[in-house]
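Just below is one structure, and these are the notes that go with it.
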Amino acid sequence: MSGPLFLQSLILGVLLGGLYALLAAGLTLYFGIMRVVMIAHSAFLILAAYLAWWFNRETGLDPMLSLVVTVPVFFLAGFAMQRLLVSRLKPLTLTMMSVLLTFAIALIIEGALGFIFTGTQRRIQLPYAGDSLDVFGAQVPVVKLVAFVLAAFALLSLYLLLKYTRFGRALRATIQHPEAARLVGIDTDRTAGYGFGLGLATAAIGGTALSLDATIYPSLHWHWIGPLMAIIVVGGLGSIPGAAIAAMLLGISQSLLQIPLGATWAQTVFYVALFATLMFRPQGFFGGRLAQRF
Amino acid sequence: MRNDSERTASAGRTASADLGPALTETVVVAPDAPRRRRRWSRAVSLALLVVGAALVLSFPFIAPNPYILSAGVVILNYAVLSTGWNFMGGFTGYISLGHAAYFGLGAYGTGLIVKYLELPGFVAWVLAALVVVAISVPVGIAALRVRGASFVIVSIAFVLILLLVFQSWREFTGGSEGLIVPRPFPDLLRPEHHRAFFYLFAGLLAAALVAWWVIDRSKFGTALKSIREDEDKARSLGVPTTRYKLIAYVLSALVTGLGGGLYALWFGDLDPIFQFSILIGSYMVLMALLGGVRHLFGPLLGALIVGIALEYFKLEFGDTQFHLVAAGLLLGVVVLFMPDGVIPAVGQLIDRFRPQQTSIRDVSAAELLEQNRRSDASATGAADAREASGEASTRDASDVSDASDPKEVTR
Amino acid sequence: MNLETVELTKSFGGVTAVDHATVRFVDGKVNGLIGPNGSGKTTFFNCVTGMIKPDSGSVAYRGKDITKHASDRVARAGIGRSFQLCRVFPRMTVMENLLVAVRHPSVRTLLRSADDEHERERARHWLRRVGIDHLEHAEARNLSYGQQKLLELAGVLMGDPDTIMLDEPAGGVNPALIGRIATLVRELNEEGKTFIIVEHNMEMVMSLCDHVVVFDRGRPIAEGEPSMIQQDPRVLEAYLGV
Amino acid sequence: MHVTHSRRRRAMALVALAATAGLALSACSAGDDGGSGGGGDDDPIVIGVSLPLTGDFSEPGKGVERGYEAWAEIVNEQGGLLGRQVELKILDDQSNADRVVSDYESLIAQDGVDLVFGPFSTRLVVPSARVAQEYGMLFVEPAGAAAEVFEQGFENLFYAAPAVADDHYNYLADYLLSLPEGERPKTAAVAAMDDPFAQGTAYGLRDKLEEGGVEILVDEVYPPNTTDFSVIAAKIAESNADVVIGGSQYQDGVNLIIALQQLDYQPKVAAFSTAPTNPEFAAAIGNQTEGILSPTGWSPTASFPSNVEFVEKYTEIFGNPPAEDEANAYTTGQVVAAAVEAVGCAEQGECQQQLIDWLHENTVDTVVGPLSWDEAGRPSGAHLIQQWVGGEIKIVLPEDAKEADFIYPKPAW
């Protein structure tokens, strides 16, 4: 592999890893709060991408402006989903049944997207779609850079929110010890609902970032859920920094492996990492100790 | 069998009578009710079994045209797959969303053996089943190291890996172009071909059902079911859970793989995207859950309902993705409102119309909890959990001991 | 010696739940294991029975090392246990709950019907002993908490263990039932079963146990006959937190 | 609303299936309903088609659908076939092989259609042709151009276009290799979808260039559902090959071109199958189309009599001119119509074999010119080469058919 090609792939890998990191953060957040594996996360991602595309097609404005609407709407949808659906499940079978429930939601979203927008592949046509910046001889596509910055910004905001706000503290308390959180007066049910909303809000941002430079179609979410699942297990279920680190590493590995192996084989890196994690370190590599049990 | 009067007498007894005056719990339980119901349902199921078998066997003759017959074959195939899934999902409660992996492996295995070894179709089918078993053992060992959601993730990952491999390994599998499997009966006309395979699938289904039934009533089955109920508890009672789970997993893979192989011989055109789709795997789960995973005929019933519904939606709304919405809604309803499936739901409905039950167990159990509530923190926790779940199982959630607990009570 | 541990250690994150615990339990006796909340008793139980892997140290049962054995092997070696918040199979009948625990069948008998009259008779025997034989066909989830405790005990006995470890048998049940359980323990002990009991109910411990081990901060601080333990200053200190 | 009607009838039959499964007898009545289609002279001729209206091939699938619809409308306007109106029953196979088989099965066995037309994409043609073969139906198809289609031993199959996939680029290969030593491209990069048609076209050109001494630097294959082309593009850009060959359908071609543009890769020749002829292509890649090449079996400006009529009527019906997919579908209709008119029948049974025999022995005039087939159904012509010139796609090769001069090397995109 030559130097410039390596640099090129590395840059593409970092840009991809940023998006993975944001999306995996949302996925691992639900898990931390509720022990819920949210299969529908990537379906919401595609939904957000469709909304961005549709917004762009209808108004001609930059698709990122659609965030003004989609983020709050997704937040509310997540809150409602947790309060109205997930919390109905019996605690004893919550983990399994929530997988199936969110799977059902994913199917409904996919079907509805196909119903409304048809199965045709869509892509936003941006004036700067083909532009790129030259960085040490490597080309950095402007749209990918914009998507990365958006994702990184969202991830940073999420981190600051969890770390420094009162709500963030309540959420972390809920994740770590629900009983204790309740004893100190935190409304854990409501907090869990907000956490779910926050997770879906990341899907809204991720979807919009994705829509800038990707072709979307209703069943695309299956391509995302596998890698994202692998990332959160490798990172340690429930650990947001773990998810972010694993996302970056795996994103870069995928990008670099594509050169010798080709696009399809390179995707297996996620699953190899997943199985290796489960065999050797089921609690994940970067924190979290729940993997084996859930 | 004891006679009725004796049972009625025991029905009237209270717990306190047995435990002496010291115990004041007043739980009235009617032990004869389940028994009567069991006998009643046994007669009904026998009748249904005969009628059902007769219907299945005569279907190729009453099917109005080959298309309907082929739809019948598809539904039988679904029934085989979801019954196969139920060897794992039903007995042990491990929900695999990636069982399409074994469907695909069975199908591709058969096709590839025919292609490269030039063996007759049905020999290839049997060999492919052995290959499936050989693959499922190491995969099972790896996957069964984890429980709950992680197991689901692994199962999904497994089918996604296979999709990637079968798409990418073009020299061997034919890649996205797919694989053509020659017909085992080249001389048969298409309708006759459907008919032959209808009976083959029916035979496979019957074999799978018999196997499930044998396990269900065996010691092995009891042990598997105890894993579903509480794996750690089962282990603590000496059940070799790891080995048993693996056996169930391999059996499940075998039946699913056999279904896939037969599908390959029948259908002839394999495509990785279809053979290794999460959707097929999710249909297996949906069918089994809908019918009822604890029941022999649950998956079959589910396959019948879902199979017909899927065909209906595809025909009625064929140019849309509406069938996905329908499948999703159905799955959501099943999960939220009848996680035990149609069969128990119908059973409860029938119970409602039958004469007064003697049991007031549920109420008294709750009252009892109220009485027994003590200042002891752990006991209170237990009561909460029971009330929240509506189920009487409790978990040790205090101390640091939670690390040993697979299914923490999550509130 | 019946069961002994040497330097058994287990920690979770920063918390050391069991800290180099070296303990011996006496064969054929009713052994008590007491200690304040959070002193590591349940974790100790879990390490001994193979539910969790200890970080270091060893466990031996009747001279054989069972440290690395998974919990099912420990059970088959003859150690039965109950759980702190009792665990039964909620959606199986009382009878089925017991049939799970039969000494495990060989491959040949694995597919035989679980509906084995001999095993059933044994199960009925134990149900009668604990006093819930009239509930044979009830689903376990419909039982009261006390009845479930009795069912769990019957399930453990069904496996015919030589040593029975009970984690708070008196927890969450009414005084009458505590008396019944105590009587049963004494009867079974007379029939040759060894018991190891974790219990907070001092009255029960003092009246029932022949030998008591006191845990504090993950290790034994005292052991001996109940009457001696009651006067041991270290025990008082641990309990009163002086 | 014929489509809706057919759906309802099939749905009825399914209810019958449910009834058979659940109750017992009632299915028999549905049998009469489905068994045979229109027998009488006044009944319309019903033609069954399954197309990928959703899924990976939905874009070209819809083009084919429009072509079939235009054909039916034009035929009916002129009095139909054999004096009977034609009626299409179009089902969606969602780009799935399992659906396409059950679609044709239901069309033939359940609905009893009189004729069938082929679906889109080679991947779907093979399984569906087998169904048709086993029911003894004539199977003319607009899209199964790959070599393997003709190696399955089908006797009922005819490809309604001038050339099989491998020969699509013949004129381009000849032209490039005939360039003087200094100008001739020396290196090439290939990326093809894992699809027999797309690969067939790309590899036809690749192999001919390689034989002519051009070095192949990159040779990539991607699955049909690929959407991220950045690394494939990086490899191609890294090689800096003179020629880039894309074995594409539609969206993958667009994505690959954008990814190449992002990396500022500037080839001398850029040839992509199918995608550049799509009406939305120019907008999709930001109008930087100048010099992009594509083979086509059909040209809107070709002077065959039926072609002039087709373009005119199609534009009238749909408000915009047809593209290649539409033309191929229309050609399919013309081929079947010619056989039906010549043999004088259109129904299941004996008639189908007569139609098949007739087509094996005769030449049919179509919008792509006269077509004739060998015993396996291969047509014996060549494709034209088109290029984007001044914002429009024009025929540049062969010399005698050209509408504009070949631009070489290709301007920057």
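The values are calculated or read from the model by the stated rules, or taken from the named source; none is laboratory data. Quantities reported herein were computed from a predicted structural model and do not represent experimental measurements. Methodologically, a virtual Cβ is constructed for each residue, glycine included, from the backbone with ideal geometry; neighbour enumeration extends over all protein chains shown.
A quick yes/no check of all residues on (1) more than 30 Å from residue A:107 (Cα to Cα); (2) not charged (D, E, K, R):
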| residue | (1), (2) |
| --- | --- |
| A:167 | yes, yes |
| A:180 | yes, yes |
| A:183 | yes, yes |
| A:190 | no, no |
| A:195 | no, yes |
| A:203 | no, yes |
| A:217 | no, yes |
| A:221 | no, yes |
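Highlighted here are the strands (runs of 3 or more DSSP E) found entirely within region D:85-200 that include at least 1 residues which are in the same structural domain as residue D:364 (by TED's automatic domain parsing) and either modelled with pLDDT under 90 or in contact with a strand residue (DSSP E or B) (Cβ under 9 Å, 6 or more places away or on another chain) (or both): D:86-92, D:115-117, D:139-141, D:157-159.
When C:83, C:44 are checked against the criterion of being touching a helix residue (DSSP H, G or I) at 6+ places or on another chain (Cβ under 9 Å) and outside any strand (DSSP E or B), C:83 stands alone in meeting it.
Among the residues making up region D:242-272, those that are within 14 Å of chain A (Cβ to nearest Cβ), closer than 21 Å to residue D:207 by Cβ and part of a loop (DSSP other than H, G, I, E, B) are D:248, D:249.
For region C:217-237, the candidate set comprises residues that are touching a residue at least 40 places away in the same chain (Cβ under 8 Å) and among the basic types (Lys, Arg); within that set, the residue that is farthest from residue C:9 (Cα to Cα) is C:217. Under the condition of being at pLDDT 85 or above and either more than 7 Å from chain A (Cβ to nearest Cβ) or over 18 Å from residue B:281 (Cα atoms) (or both), the residues counted in region B:143-166 number 10.
How about region A:132-158: which of its residues are of a type outside the set (Gly, Ala, Ser), part of a strand (DSSP E or B) and in contact with a Leu (Cβ under 6 Å, 6 or more places away or on another chain)? Within region A:132-158, A:139, A:140 meet the criteria.
Taking the residues in region C:198-242 that are of a type in the set (Gly, Ala, Ser) and more than 25 Å from residue C:163 (Cβ to Cβ) as candidates, determine which candidate is surrounded by the most Cβ atoms within 10 Å (Cβ to Cβ). Applying the filter and picking the extreme gives C:238. Do we find that residue B:58 is hydroxyl-bearing (Ser, Thr, Tyr), more than 25 Å from residue B:184 (Cα to Cα) and either at pLDDT 95 or above or not in a loop (DSSP other than H, G, I, E, B) (or both) in this structure? No: the conditions fail for residue B:58.
Failed condition for residue A:176, given (1) in contact (Cβ under 8 Å) with a residue 12 or more places away in the chain; (2) within 14 Å of chain B (Cβ to nearest Cβ), with all others met? The failed condition is (1).
Any residue that is within 13 Å of chain D (Cβ to nearest Cβ), more than 29 Å from residue B:227 (Cβ to Cβ), modelled with pLDDT of 90 or more and out of contact with any strand residue (DSSP E or B) (no Cβ under 7 Å at 6 or more places or on another chain) - is there at least one of those in region B:76-94? Within region B:76-94, one or more residues are within 13 Å of chain D (Cβ to nearest Cβ), more than 29 Å from residue B:227 (Cβ to Cβ), modelled with pLDDT of 90 or more and out of contact with any strand residue (DSSP E or B) (no Cβ under 7 Å at 6 or more places or on another chain). Looking across region B:252-273, just one residue is within 12 Å of another protein chain (Cβ to nearest Cβ), surrounded by fewer than 24 Cβ atoms within 10 Å (Cβ to Cβ) and either under 20 Å from residue B:140 (Cα atoms) or small (Gly, Ala, Ser) (or both), and that is B:268. When region C:186-242 is filtered for residues that are on the phi > 0 side of the Ramachandran plot and not in a strand (DSSP E or B), the ones remaining, listed by number, are C:192, C:217, C:218, C:241. Filtering A:47, A:126 for residues that are assigned to a helix (DSSP H, G or I) and either of a type outside the set (S, T, N, Q) or touching a strand residue (DSSP E or B) at 6+ places or on another chain (Cβ under 9 Å) (or both) leaves a single hit, A:47. Residues that are basic (Lys, Arg) and either buried (at least 21 other Cβ atoms within 10 Å of the Cβ) or not in a strand (DSSP E or B) (or both) were ranked within region C:57-80; the one that is farthest from the other protein chains (Cβ to nearest Cβ) is C:62. Do the conditions hold for residue B:224, that is, is it more than 30 Å from residue A:264 (Cα to Cα), within 17 Å of the chain's Cα centre (by Cα) and either away from chain C (no Cβ under 14 Å) or surrounded by 18 or more Cβ atoms within 10 Å (Cβ to Cβ) (or both)? So residue B:224 passes the test. Restrict the check to region B:83-98 and report whether at least one residue is touching a residue at least 24 places away in the same chain (Cβ under 8 Å), buried (at least 24 other Cβ atoms within 10 Å of the Cβ) and more than 27 Å from residue B:243 (Cα to Cα). No, there is no match, as no residue in region B:83-98 is touching a residue at least 24 places away in the same chain (Cβ under 8 Å), buried (at least 24 other Cβ atoms within 10 Å of the Cβ) and more than 27 Å from residue B:243 (Cα to Cα). Among the residues examined, residue D:133 does not qualify as more than 30 Å from residue D:216 (Cα to Cα) and either touching a Lys or Arg at 6+ places or on another chain (Cβ under 9 Å) or among the hydrophobic types (A, V, I, L, M, F, W, C) (or both). The residues listed here are D:410, D:394; of these, the one that is under 13 Å from residue D:290 (Cβ atoms) and touching a residue at least 40 places away in the same chain (Cβ under 8 Å) is D:410.
Can you confirm whether residue D:233 is under 28 Å from residue D:371 (Cα atoms) and buried (at least 24 other Cβ atoms within 10 Å of the Cβ)? No.
Scanning region D:178-193 for residues that are within 17 Å of residue D:207 (Cα to Cα) and surrounded by fewer than 24 Cβ atoms within 10 Å (Cβ to Cβ) returns D:178, D:184, D:185, D:186, D:187, D:192.
When you scan region A:202-216, do you find a residue that is within 14 Å of chain B (Cβ to nearest Cβ) and part of a helix (DSSP H, G or I), even just one? Scanning region A:202-216 turns up no residue that is within 14 Å of chain B (Cβ to nearest Cβ) and part of a helix (DSSP H, G or I). Residues that are surrounded by fewer than 24 Cβ atoms within 10 Å (Cβ to Cβ), in contact (Cβ under 8 Å) with a residue 60 or more places away in the chain, in a loop (DSSP other than H, G, I, E, B) and away from chain B (no Cβ under 11 Å): does region C:164-185 have at least one? No: zero hits.
State yes or no: is residue C:39 more than 8 Å from chain B (Cβ to nearest Cβ), more than 23 Å from residue B:231 (Cα to Cα) and in a loop (DSSP other than H, G, I, E, B)? Yes.
The set of residues in region C:43-56 that are facing another protein chain (nearest Cβ under 8 Å), of a type in the set (S, T, N, Q) and in contact with a strand residue (DSSP E or B) (Cβ under 7 Å, 6 or more places away or on another chain) comprises C:43, C:49.
When B:265, B:310, B:270 are screened for being closer than 30 Å to residue D:52 by Cβ and in contact with a strand residue (DSSP E or B) (Cβ under 7 Å, 6 or more places away or on another chain), only B:270 passes. For region A:137-173, a residue qualifies if it is over 23 Å from the mean Cα position of the chain (by Cα) and either among the acidic types (Asp, Glu) or away from every other protein chain (no Cβ under 14 Å) (or both), and exactly one does: A:166.
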